[in-house]
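Asker: Can you keep this structure in mind? I'll have questions shortly.
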Amino acid sequence: MTAYARRKTRQISVGKVAVGGNAPISIQSMTITKTADVEGTLQQIYALAAAGCDIVRCTCNETEAAEGLAQIVPRSPVPIIADIHHQYKMALAAMEAGVHGLRLNPGNIRKPEHIKAVASEARDRKVPIRIGVNGGSLDPALYEKYGGLTAEAMVESALREIAYFEEVDFELIKISVKASNVPLMIEAYRQLSEVTNHPLHLGVTEAGPLPGGLIKATAGISTLLMEGIGDTIRYSLTADPVEEARAGRQLLESLGLRERKNVDLIACPSCGRAEIDVIDVANRAQAAFADKKIPLQIAVMGCVVNGPGEAREADLGIAAGNKRGHLFVKGRNVAVVPESEMVEALIDWATYIHEHGVDAAIARVDTALAEREATKDRNMLLKEHGDDVNHADEKIVEIRKKVAGN
Ligand code: SF4
């Protein structure tokens, strides 16, 4: 695992998940069902947990939602946070329902007595609260004071809320200062991390649909993570929340900040040499491996001439050539399968390697035979599409003549 110098923050617990300090960076998402729909919400929570989500947030916007939470919390595989806006009484109701954490928006619960009533109850119940400042719902007084939405205004909003919490000795705090503008969000978190050691929840709010939303969120979150800022993350995408969980997991795994639990699919971008529709095969492989807990790097390559070399580091790979799929394990040819069975073969081999290891996988086949078959295809293709297929030498002579003639 690559270690980035992470800023030291205090540690809190959201149910069984530690956040801050040296705890692994956790992944959060939010359900999009009505919280009162207990079965529908639980189904989504289970799907999120299977996709790698550590903590799930549900809205608590009405009494029926709080009542739903009372049934959801004991059946949830992951800690549940209630999302509160406007109504401080919903925070009290959610705590009564047994939630593991709250998110309060200081922009829309502004009366000090309400804030302190919630914090006092949370202190007694040891329920952590996220101060969730959002660029889109900043306290109008701060908007006016700073002449608009600025990093300073968002940080001040968070600090004011902390001050209220401190008045009632409440310390189980994490903070977010999200904005949809990426440079603004980055600046706000940088400033915040200078003035507090409470754990930070990172996100680009309202990032939007794929792929733009993924890019914006990744730009903001990963820039901060690489600076050591951030203890828990959420992708806010206009998409199935399972995509948020997958994106969070993949980001942390690709930065080396979380241990790999799922397939890392690498695939060549394809080019004129490709022997198959690489995009289609890679997409089908991605769908097939989506939430399989197989921590291997798997390569899909468009040709056997360059593919195996380009994917030498992969645990398992397949390259297309001469209407066949050439499978290789740690760079060694192990089998040649019909093109139509490439994805199935990948799943079969990945499962075997995961269960029995690379050596056992190689030992189960005659690699000499596979190598002979692979070499046959490669040599044939090299002959067909090899270096001189363009009669380059003659063309070069012609080019030089033309240039000299001018
Ligand atoms: S592996 Fe083959 S098809 Fe894919 S980009 Fe490389 S040369 Fe092109």
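Asker: Could you pull out every one of the helices (runs of 4 or more DSSP H) wholly within region 313-406 that has 3 or more residues that are in contact (Cβ under 8 Å) with a residue 24 or more places away in the chain and closer than 23 Å to residue 278 by Cα?
Answerer: It comes to 342-356, 367-385.
Asker: Condition first: over 14 Å from residue 120 (Cβ atoms) and over 29 Å from the mean Cα position of the chain (by Cα). Now tell me which residues in region 163-181 satisfy that.
Answerer: 163, the sole residue that qualifies.
Asker: Out of the residues in region 300-328 meeting the condition of being over 27 Å from the mean Cα position of the chain (by Cα) and of a type in the set (Val, Ile, Thr), tell me which one is farthest from the ligand (Cβ to nearest atom).
Answerer: 304
Asker: While we're on this one: Output the residues belonging to region 187-212 that are at pLDDT 95 or above, among the aliphatic types (A, V, I, L, M) and surrounded by fewer than 21 Cβ atoms within 10 Å (Cβ to Cβ).
Answerer: Answer for region 187-212, where residues must be at pLDDT 95 or above, among the aliphatic types (A, V, I, L, M) and surrounded by fewer than 21 Cβ atoms within 10 Å (Cβ to Cβ): just 195.
Asker: Does region 38-48 contain at least one residue that is touching a Gly at 6+ places or on another chain (Cβ under 8 Å) and not β-branched (Val, Ile, Thr)?
Answerer: Scanning region 38-48, I find no residue that is touching a Gly at 6+ places or on another chain (Cβ under 8 Å) and not β-branched (Val, Ile, Thr), so the answer is no.
Asker: Quick test of your reading of the structure: residue 4 fulfils all but one of (1) at negative phi; (2) at pLDDT below 95; (3) in contact with a Lys or Arg (Cβ under 6 Å, 6 or more places away or on another chain). Name the failing condition by number.
Answerer: In the conditions (1) at negative phi; (2) at pLDDT below 95; (3) in contact with a Lys or Arg (Cβ under 6 Å, 6 or more places away or on another chain), residue 4 misses (3) alone.
Asker: OK, next. Among what's in region 275-284 and is of a type outside the set (Asp, Glu) and at pLDDT 90 or above, pick the residue that is nearest to the ligand (Cβ to nearest atom).
Answerer: So, considering only residues that are of a type outside the set (Asp, Glu) and at pLDDT 90 or above, the one nearest to the ligand (Cβ to nearest atom) is 278.
The values are calculated or read from the model by the stated rules, or taken from the named source; none is laboratory data. Note that this is a predicted model, so its numbers are computed, not measured. No Cβ is skipped: glycine too gets one built from the backbone with ideal geometry, and neighbour counts run over all protein chains shown.
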